[in-house]
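The values are calculated or read from the model by the stated rules, or taken from the named source; none is laboratory data. Please read these numbers as outputs of a predicted model, since none were measured by experiment. We place every Cβ from the backbone using ideal geometry, glycine too, and count neighbours over all the protein chains shown. Accessible surface is based on the protein model in full, side chains and every heavy atom, while ligands, DNA and RNA are left aside. Shrake-Rupley method; radii C 1.70, N 1.55, O 1.52, S 1.80 Å.
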Amino acid sequence: MGEVNQKEKKVDLRKAQSPESIPGVMTTTSNAISDFLKKTPAQDFINWGRKNSLWFMTQPMGCCGVEMIATGCAHYDTDRFGIIPRNSPRQADVMVISGYVTKKYLPALKKLWDQMASPKWILAMGDCSISGGPFYQSYSTVQNIEEIFPIDVYIPGCPPRPEALLEGFIQLQKKIEAKKDKGSEY
Amino acid sequence: MDAKKIIDSISTEFPDSISNTLIDSDIRISAYVSASDVVNVCKYLKDNLQFDHLSCESVVDYIDRDELENVYHIASYIHPVVLTLKAILPRDNPEIESIVEVYWNANWYERENYELFGVKYINHPDLRHLVLPEEMLGEWPLRKDYEGFPQNTAKNLV
């Protein structure tokens, strides 16, 4: 009896959520589909697509930003890995923290991160974003950035060469392929 | 207009407020000014001695003497002399008249000094924070006794 009651409750809930539901037709949400797909081999195919289109946001924050822009230029040809610089957070998959985060800039950075559409990943580029770097003991630098953002790959260097940033992207691709990235929950 | 003439001129015009005058070289002179008379001295410099622009305005914290020094670098496009004016302020409640009405570019210098040292500029047109976030007002991070530095808190030391 108890089970039946529970089932009835679930049906009622569904009706309450979507008042225009048709009898006999099961409705679902995109979240539910996504959660179902994560358990099937189809996710491997999706991840293959995701890892080969890591569009990153051109959001330079310091001298590392110059290297990031250089990485996006023609010389390093990141397009062969599907890595393309984008100007808008709405079109980007990857945010690169490319410099020290000051207390004043942190709210803006959070807003940019919130504006990006999921699935999204985040890279910490350079010593400044990892630990503070030369601005380690500054009065207005935010430390321990990994407590605020789910950072997948740390790229040390001051600044890292474009090859290093590219290697970071490739490591992120490997993490996505192995389903160990922090951007999506498995 | 040479260094000696400038020093003599301001010393005779403001005998009470100008002190400790020093001629470093032909082009660098310095003097202490009393904080209450800064605007009048600056007006005199601009109108009579051809000091037509303010190069820099900054603050130095002398914690041993329990004093702040407000430092003005005033220069000219007509003669080569740069005048360093210093005004001594008490450390617990530093207040000085703003010189924005004389040198307009002092506006942002004074805002920066306000957020970093807590010097209050009287009659400043828009005295608020400049670079730091507003929440940090009151901490005065460039004072010598500031203790808000993050000490060894980063986990990812490279």
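Might you report the magnitude of the Cβ-based charge dipole of region B:3-136 about its Cα centre, with Lys and Arg at +1 and Asp and Glu at -1, to the nearest 20 debye?
440 debye
Only bridges with both residues in region B:63-158 count here: give the DSSP antiparallel percent, nearest 5.
Here the share of antiparallel DSSP bridges comes out near 75 percent.
Taking the Cα atoms only, what angle lies between the long axis of helix A:162-177 and the longest principal axis of chain A, rounded to 10 degrees?
Rounded to the nearest ten degrees, it is 20.
As I understand it, the value is the acute angle between the Cα axis of helix B:3-13 and the longest principal axis of the Cα atoms of chain B; what does it come to in degrees, rounded to 10?
90 degrees
Label points 7 Å out from Cα along the Cβ direction at B:E101 and B:L137: separation in nm?
Going by the 7 Å Cα→Cβ label model, 2.3 nm.
Would you calculate the convex hull of the Cα atoms in region B:1-73 and tell me its volume per residue in Å³?
Spread over its residues, the Cα hull of region B:1-73 gives 98 Å³ apiece.
Out of every Cα pair in region A:18-126, what percent are spaced more than 21 Å from each other?
So the portion of pairs separated by more than 21 Å is 49 percent.
In µm²/s, what is D for chain A at 37 °C and 0.692 mPa s, where D = kT/(6 pi eta Rh) by Stokes-Einstein and Rh is the Kirkwood radius from Cα pairs?
For the chosen part, D equals 177 µm²/s.
So what's Rg/Rh here for the protein assembly as shown, counting alpha carbon atoms and using the Kirkwood radius for Rh?
Over the Cα atoms of the protein assembly as shown, Rg/Rh equals 1.21.
Determine the shielding of peptide A:128-138 by partner chains: average, over its residues, the number of Cβ atoms on other chains within 10 angstrom of each Cβ.
Per-residue shielding by partner chains comes out at 3.
Roughly how many Å² of A:Y105 are accessible to a 1.4 Å probe, to the nearest 10?
70 Å²
I need the calculated FRET efficiency for the pair A:K180 and B:F149, taking r as the beta carbon distance and R₀ as 45 Å, to the nearest 0.05.
E between A:K180 and B:F149, to the nearest 0.05, is 0.80.
Helix A:63-72: angle to the longest alpha-carbon principal axis of chain A, degrees 0 to 90, nearest 10?
70 degrees
Which of A:I130, A:I22, A:I145 moves most in a GNM of chain A, Cα contacts under 10 Å?
Fluctuation is largest for A:I22.
Shielding by partners for A:139-145, please: the mean number of other protein chain Cβ atoms within 10 Å of each residue's Cβ.
The per-residue average across the peptide is 5.
With a Cα-only, solvent-free Debye model of region B:58-157, what are the log10 I(q)/I(0) values at q = 0.20, 0.23 Å⁻¹?
-1.03, -1.25
Å³ per residue of the Cα convex hull, for region B:3-136?
Convex hull of Cα atoms, per residue: 107 Å³.
Taking only Cα atoms and a 10 Å spring cutoff, compute GNM fluctuations for chain B and point out the largest among B:S55, B:S36, B:S25.
Most flexible of the set in this elastic network: B:S25.
Based on the inverse mean of 1/r over its pairs of different Cα atoms, what is the Kirkwood hydrodynamic radius of region B:54-97, in Å?
11.4 Å
Give me the distance in nm between label points sitting 7 Å out from Cα along the Cα-to-Cβ direction at A:D79 and B:H53, one decimal.
4.6 nm
Taking a point 7 angstrom from the Cα of B:T12 along the C-beta vector, which residues in region B:48-91 have backbone N less than 15 Å away?
B:48-49
Give me the distance in nm between label points sitting 7 Å out from Cα along the Cα-to-Cβ direction at A:K111 and B:Y77, one decimal.
Simple spin-label model gives 3.8 nm for this pair.
Got a number for the accessible area of A:I170? Probe 1.4 Å, square angstrom, nearest 10.
Roll a 1.4 Å probe over it and A:I170 shows about 40 Å².
What are the aspartates and glutamates whose alpha-carbon lies under 16 Å from the alpha-carbon of A:K110, with same-chain residues fewer than 8 places away excluded?
Output for A:K110: A:D93, A:E146, A:E147.
Can you give the calculated 222 nm mean residue ellipticity of chain B, where each DSSP H run of n ≥ 4 adds -39,500 (n - 2.57) and the sum is split over every residue, rounded to the nearest 500 deg cm²/dmol?
Per the formula, -6500 deg cm²/dmol.
For chain A, what does -39500 (n - 2.57) per DSSP helix run (n ≥ 4), summed and divided by total residues, give at 222 nm, in deg cm²/dmol to the nearest 500?
-12500 deg cm²/dmol
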